[in-house]
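Enquirer: Submitted below is the structure of interest, expressed as structure tokens.
The values are calculated or read from the model by the stated rules, or taken from the named source; none is laboratory data. Note that the coordinates shown come from a computational prediction; the quantities given were computed from them, not determined experimentally. Positions of Cβ are generated from backbone atoms using ideal geometry, with glycine treated the same way; all protein chains shown enter the neighbour counts.
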Amino acid sequence: MDLGHGESAQEASLTAVDCLENYYRRPFKEIFRLCHQRLKKTRGAAMSLCRIDLKDRIMIHAGLGNVQTRVYSSEKTPAPFCINGTLGVAMQRVKVDDYPLPENYIIVMFSDGISGRFSTDNFPGFLNQKPQVLAKQIIENHARDNDDATVMVGRKSL
């Protein structure tokens, strides 16, 4: 059975969401620790979090498992990464990093149900698109047929 499917995957997902709803204001390392504890009774989950400081233009990011976060801009952008592991199963450490953000940017976070090989070259006008349009295009063009897929897109522009 695939980790991303079925009732046990739904149970893990709902447990993670409940944990995040209760603890989202806490520091990332604490959130990951609390979610890891709560998910031990489930099959586990991958998770990536980011928090944006608009005033200082910094993205705080941490990720565990087979999820990805990408930042796009016409300027140089950070390349956040996720550490191997599974919340509730195997979490050796959590690495929280701060990344400087350009003035205008798009952040795309996605699960392993999306091919990590997608490129913005396939999206004419990528940086000018609305987040909903980008998420839909990514799902339609890069979702794997045999897995669930989650995409979150956020943008900041002046």
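Enquirer: Among the residues of the stretch 115-134, are any surrounded by 13 or more Cβ atoms within 10 Å (Cβ to Cβ), within 27 Å of GLU11 (Cβ to Cβ), at pLDDT 90 or above and not basic (Lys, Arg)?
Expert: Checked against the condition, which is being surrounded by 13 or more Cβ atoms within 10 Å (Cβ to Cβ), within 27 Å of GLU11 (Cβ to Cβ), at pLDDT 90 or above and not basic (Lys, Arg), the stretch 115-134 yields no hits at all.
Enquirer: Let me ask something else. Testing GLN10 on (1) out of contact with any strand residue (DSSP E or B) (no Cβ under 9 Å at 6 or more places or on another chain); (2) more than 17 Å from ALA149 (Cα to Cα); (3) of a type outside the set (D, E, K, R), one condition comes back false. Which one is that?
Expert: Just one mismatch for GLN10, condition (2).
Enquirer: Continuing with this model, one more query. How many residues are among the small types (Gly, Ala, Ser) and touching a helix residue (DSSP H, G or I) at 6+ places or on another chain (Cβ under 8 Å) when one looks only at the stretch 46-79?
Expert: Summing the residues that are among the small types (Gly, Ala, Ser) and touching a helix residue (DSSP H, G or I) at 6+ places or on another chain (Cβ under 8 Å) in the stretch 46-79 gives 3.
Enquirer: Output the residue which, of all residues in the stretch 3-25 that are touching a helix residue (DSSP H, G or I) at 6+ places or on another chain (Cβ under 8 Å) and over 11 Å from ARG38 (Cβ atoms), is modelled with the lowest pLDDT.
Expert: In this case the residue turns out to be LEU3.
Enquirer: Would you mind finding the one in ASP112, ASP148 that is of a type in the set (D, E, K, R) and within 14 Å of GLN68 (Cβ to Cβ)?
Expert: ASP112
Enquirer: Out of all the residues in the stretch 124-158, which are in a loop (DSSP other than H, G, I, E, B) and either over 24 Å from ARG57 (Cβ atoms) or touching a Cys at 6+ places or on another chain (Cβ under 6 Å) (or both)?
Expert: PRO124, ARG144, ASP145, ASN146, ASP147, ASP148, ALA149, THR150
Enquirer: Ok, one more. Does the stretch 100-126 hold any residues that are of a type in the set (Ser, Thr, Tyr) and under 15 Å from the mean Cα position of the chain (by Cα), and which are they?
Expert: Correct list: SER111, SER115.
Enquirer: Suppose we filter the stretch 63-95 for residues that are in contact with a Phe, Trp or Tyr (Cβ under 8 Å, 6 or more places away or on another chain), closer than 22 Å to ILE31 by Cα and without any contact (Cβ under 8 Å) to a residue 24 or more places away in the chain; how many remain?
Expert: Selection size over the stretch 63-95: 1.
Enquirer: Residue check: is ASP98 in contact with an Asp or Glu (Cβ under 9 Å, 6 or more places away or on another chain), over 17 Å from VAL153 (Cβ atoms), free of Cβ contacts under 8 Å to residues at least 12 places away in the same chain and not polar (S, T, N, Q)?
Expert: no
Enquirer: Step by step: first the residues of the stretch 50-103, then only those that are under 22 Å from PHE32 (Cα atoms) and of a type in the set (Ser, Thr, Tyr), then the one that is surrounded by the most Cβ atoms within 10 Å (Cβ to Cβ). Which residue is that?
Expert: THR69
Enquirer: Taking into account only those residues within the stretch 95-111 that are charged (D, E, K, R) and part of a strand (DSSP E or B), which is nearest to GLU75 (Cα to Cα)?
Expert: Among those that are charged (D, E, K, R) and part of a strand (DSSP E or B), it is ASP98.
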